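Asks: Please read through the structure below; I'll follow up with questions.
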């Protein structure tokens, strides 16, 4: 079984980012790390490939800064890492991402399963996952909390929905997105880190994939912080909980909140 994992590098979630007056994000000295959601995707791929004697290939689409995510996945134990990038792809929207990623999966030729983390932590977006499945024409399962079975050309998963959990099944090849808690990602070993540091990561561009991407339908022209919200806090006193509740209700009625 050949499993592909989609990943990217994002700023450390503990870092403080700034938005510049011209609408750009300035991360300062904040380090880039593997997208936290993707660690669960890499771990699940390693577990499933290990159980079936398969292989794991990790793909990242973007400029050189995304090497960090690929190196981390290699240090965890992935067999192969490839970066997808072409200078002509600057400003890609999710549709362009999906077209390039799907082309790379087809170029690999023998992929049974593509796994993504729940979303991109820096953009809080998962649109690219759905569009990749559509570009490939493969079965899609999102919000996967557990892979129940993966055999005989079929996959059976447990999905976590707002209403509860549901079991779903479909044919392979398939695309899935996994949630935190599906596993416990391993720490890269010292040997794995050294091996990843020495690894040469090939770059596939549009020529290598025989691909000409459509012009972006959506462009980000700039970002800005939401307006500052100001408010006051009042501690409601009272001898009893009932008295405090009555005072609160009076204030809410006066403000026409209820």
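Asks: Based on DSSP H runs of at least 4 residues, each adding -39500 (n - 2.57), what is the mean residue ellipticity at 222 nm of the chain after dividing by all its residues, to the nearest 500 deg cm²/dmol?
Replies: -9500 deg cm²/dmol
Asks: Between the helical axis of 94-108 and the dominant principal axis of the chain, each derived from Cα atoms, what acute angle in degrees is found, rounded to the nearest 10?
Replies: Helix 94-108 sits at roughly 30 degrees to that axis.
Asks: Ranked highest first by average number of other Cβ atoms within 10 Å, how do 119-129, 66-76, 15-25, 228-238 line up?
Replies: 66-76, 119-129, 15-25, 228-238
Asks: At 7 Å along the Cα-to-beta-carbon direction for both residue 179 and residue 203, put a label point, then send me their distance in nm to one decimal.
Replies: For the pair residue 179/residue 203, the computed spacing is 3.9 nm.
Asks: Contour minus end-to-end for residue 79 and residue 107, with contour as 0.36 nm per residue of separation and end-to-end as the Cα-Cα distance?
Replies: Separation in residues times 0.36 nm, less the Cα-Cα distance, equals 8.4 nm.
Asks: Here is a further query. Which one, 223, 172, 46, has the greatest fluctuation when you compute a Gaussian network model over the chain with C-alpha springs under 10 angstrom?
Replies: Looking only at 223, 172, 46, the biggest GNM fluctuation is shown by 223.
Asks: While we're looking at this one, here's another question. With an 8 Å cut-off on Cα pairs and a minimum separation of 6 or more residues, tell me the relative contact order of the chain in percent.
Replies: About 23 percent, as a whole number.
Asks: May I pose another question? For the chain, find the longest principal axis of its Cα atoms and tell me its angle to the long axis of helix 241-254, 0 to 90°, nearest 10.
Replies: Roughly 90 degrees, rounded to the nearest 10.
Asks: Which whole-number percent gives the relative contact order of the stretch 84-142, counting Cα pairs below 8 Å spaced six or more residues apart?
Replies: Computed over the stretch 84-142, the figure is 42 percent.
Asks: Cα gyration tensor of the stretch 1-108, axes a ≥ b ≥ c as square roots of the eigenvalues: rounded (a/c below 1.5), prolate (a/b > b/c) or oblate?
Replies: Verdict is oblate for the stretch 1-108.
Asks: Can you tell me the FRET efficiency between residue 158 and residue 134 if r is taken as the Cβ-Cβ distance and R0 is 22 Å, rounded to the nearest 0.05?
Replies: 0.45
Asks: If one takes the longest principal axis of the Cα atoms in the chain, at what angle in degrees, from 0 to 90 and to the nearest 10, does the Cα axis of helix 67-76 lie?
Replies: With both axes taken from Cα atoms, the answer is about 80 degrees.
Asks: Rounded to the nearest 0.05, what FRET efficiency is calculated for residue 148 and residue 13 with R0 set to 30 Å and r the Cβ-Cβ distance?
Replies: Computed FRET efficiency for residue 148 and residue 13 comes out at 0.50.
Asks: Then there is this: Using Cα Rg over 2.2 N^0.38 Å as the read-out, say which of [x] 0.98; [y] 1.07; [z] 1.25 was calculated from these coordinates.
Replies: [z]
Asks: Would you please give the FRET efficiency between residue 55 and residue 220, computed as 1/(1 + (r/R0)^6) with r the Cβ-Cβ distance and R0 = 35 Å, to the nearest 0.05?
Replies: 0.45
Each reported figure results from applying straightforward, stated rules to the coordinates on display, with no laboratory input. Because the structure is predicted, anything quoted here is derived from the model rather than measured. Please note: Cβ atoms are built from the backbone with ideal geometry, for glycine as well, and neighbour counts cover all protein chains shown.
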